[in-house]
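Visitor: Shown below is the structure under consideration.
None of the figures in this text is laboratory data; all of them are computed from the coordinates on show. These numbers were taken from a predicted model, which means no experiment stands behind them. Note: ideal-geometry Cβ built from the backbone for every residue, glycine included; neighbour counts use all protein chains shown.
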């Protein structure tokens, strides 16, 4: 085997890895674009920490710091094929409207310990945006800051998440 063929065989894995990385970047950019476009229908989109945030008009900021316990209302949507699929909520109107099964819901307010809870990276980062901007709004999380390539319950792999949060109080 001549040196050119040997060199080509040695470089082939690096070439294939490079192509795969470029493809993943392209998919991630397309996902972010779709998520941002969906959120723009909700209001003015702020992009920070690779997340999208739409504060609700009239919602005032609520200051908090690590260790504070927040009580939250929330609804979680998976963004699938350009539409939202409601997965869980603790807002009774959403539960009724979306016909969520009781096992898919949590009726009481959700507690969240700032800086200590082990939710997906995007939620931990995103809730910090609420404290600086508004206590109520929408949070868009690209899949790599959500569950990534690992399916989770009814959430398929590589699915962007859309949350509606309201920080009801701080304890």
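Visitor: Mind ordering 79-88, 52-61 by average Cβ neighbours within 10 Å, highest first? Spell out each step's value before the answer.
Guide: Working: 79-88: 14.6, 52-61: 16.3.
Listed from highest to lowest mean packing, they are 52-61, 79-88.
Visitor: Full extension from residue 60 to residue 36: what is 0.36 nm times the residue separation minus their Cα-Cα distance, to one decimal in nm?
Guide: Details: separation 24, 0.36 × 24 = 8.64 nm, distance 2.31 nm.
Taking 0.36 nm per residue and subtracting the Cα distance, the gain is 6.3 nm.
Visitor: Describe numerically, in nm with one decimal, the distance between label points set 7 Å from Cα along Cα→Cβ at residue 10 and at residue 29.
Guide: Simple spin-label model gives 3.2 nm for this pair.
Visitor: Which length gain, in nm to one decimal place, applies between residue 111 and residue 154 when the Cα-Cα distance is subtracted from 0.36 nm times their residue separation? Don't jump to the answer; show the numbers that get you there.
Guide: On the way: separation 43, 0.36 × 43 = 15.48 nm, distance 2.25 nm.
Going from the current span to full extension adds 13.2 nm.
Visitor: Follow-up question, since we're still on this one. Modelled label-to-label distance, residue 99 and residue 71, 7 Å Cα→beta-carbon offset: nm?
Guide: Each label point is offset 7 Å from its Cα along the Cβ direction, giving 3.2 nm.
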